[in-house]
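Just so it is clear, none of the values below were taken in a lab; they were calculated from the coordinates. None of these values were measured; they are calculated from a predicted model. Because the Cβ atoms are built from the backbone with ideal geometry, glycine has one as well, and the counts that use them run over all protein chains shown.
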Amino acid sequence: MLCDRWKTWAGELLGTFILVFFGCGSVAAAVTTGAQVGVFQVAIVWGLGIATAIGMTGHLSGAHLNPAVTIALAVWRGFSWRNVAGYILSQMAGAFLAAAVLFVCFGPAISRFEEKSGIVRGQEGSEASAMIFGEYFPNPGGKPLTDDPWMPRMTAVAVEVIGTAVLVLVIFSLTDPKNTSQPKSTVPLTIGLTVTLLISLFGPLTMACFNPARDLAPRLFSAMAGWGSVPFTANGSGWLTVYILAPIAGAILGGGVSKLIAGR
């Protein structure tokens, strides 16, 4: 029993590490070097990274890789609540570790970007570089939010609820045992492409989180790596309402819609 738990925890840690490593890595490359041009190029890296992570770890843990998905599975699919905490902690650990590795790789590039842009890490406006790790609304695009804070918080909440609901609806539909039309081997890629589509649509608005571990763990790392309170003050309490509570609510909503459709 303990061996099985270690296997699932390792699967969630590894899968979330891969997801954040490729996804946040694409953001780091875009912000600091301009390597990715436009939202779609970042979105496709996110999508392929997620597909890779699911393919690698599905046999170990089911590849939740997202606390919102884990909670939705517990609510609607009978996933044991006793396992929820272990899954979420593993997801957080994987995301935090990925952020640390990316900081080692991109540290000099981040410092150079900040110097050229007149950004002082840890001071107002440094969310322009902190966005490599945590997420902000509207999407800073490598610039301080103070330049044009046009996105209302409730709109950002709605975006994250809707985006996560659509993602979980797709996941539940693809993994429904009664869905025999979808070859299982194509499920990871289909989920990854769904994320690509959602980021292409919502990335300019909220950076398209849909995953509390993907946001909170790197956000915590950035606070420890020199950005101080900025990751938790730039959007006020939005870090909690938009990037943690909204995805969880959206996942439960999407799972409920799937349950309703499948039940009928």
Rounded tilt (10° steps) of 39-61 against the dominant C-alpha axis of the chain
40
Give me D for the chain in µm² s⁻¹, whole number, from Stokes-Einstein with Rh from the Kirkwood sum over alpha-carbon pairs, 37 °C and 0.692 mPa s.
179
Helix 212-222 axis, angle to the chain major axis (alpha carbon atoms, nearest 10°)
30
What residues of region 71-95 lie in the reach of a label at S237, counting those whose backbone N is under 19 Å from a point 7 Å from the Cα along Cα→Cβ?
none
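Order of S185, S258, S200, S129 from fewest to most other C-beta atoms within 10 Å? Show your work: numbers first, answer last.
Values: S185 8, S258 23, S200 19, S129 26.
Least to most surrounded, the residues fall as S185, S200, S258, S129.
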Obtain the nm distance between the two label points defined at L260 and T180 by a simple spin-label model: each point lies 7 Å from its Cα along the Cα-to-C-beta direction.
2.8
Let me know the charge dipole size of the chain about its Cα centre in debye, to the nearest 20, where only the beta-carbon of Lys, Arg (+1) and Asp, Glu (-1) is charged.
720
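Listing R214, R219, R112 from the residue with the fewest other Cβ atoms within 10 Å to the one with the most, what is the order? Please report the intermediate quantities before stating the final value.
Details: R214 32, R219 25, R112 13.
Ranking R214, R219, R112 by Cβ neighbours within 10 Å, fewest first, gives R112, R219, R214.
At R0 = 45 Å, how high is the FRET efficiency between K143 and D4 if r is their beta carbon distance? Nearest 0.05 is fine. All intermediate terms of the calculation are to be shown ahead of the outcome.
Values: r = 47 Å, r/R0 = 1.05.
Plugging the Cβ-Cβ distance into 1/(1 + (r/R0)^6) gives 0.40.
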Using helices alone, I'd like the mean residue ellipticity at 222 nm for the chain: each DSSP H run of four-plus residues gives -39500 (n - 2.57), total over residue count, nearest 500.
-23000 deg cm²/dmol
Which of E115, E127, E12 comes first, and how do the rest follow, when ranked by fewest Cβ neighbours within 10 Å?
E115, E127, E12
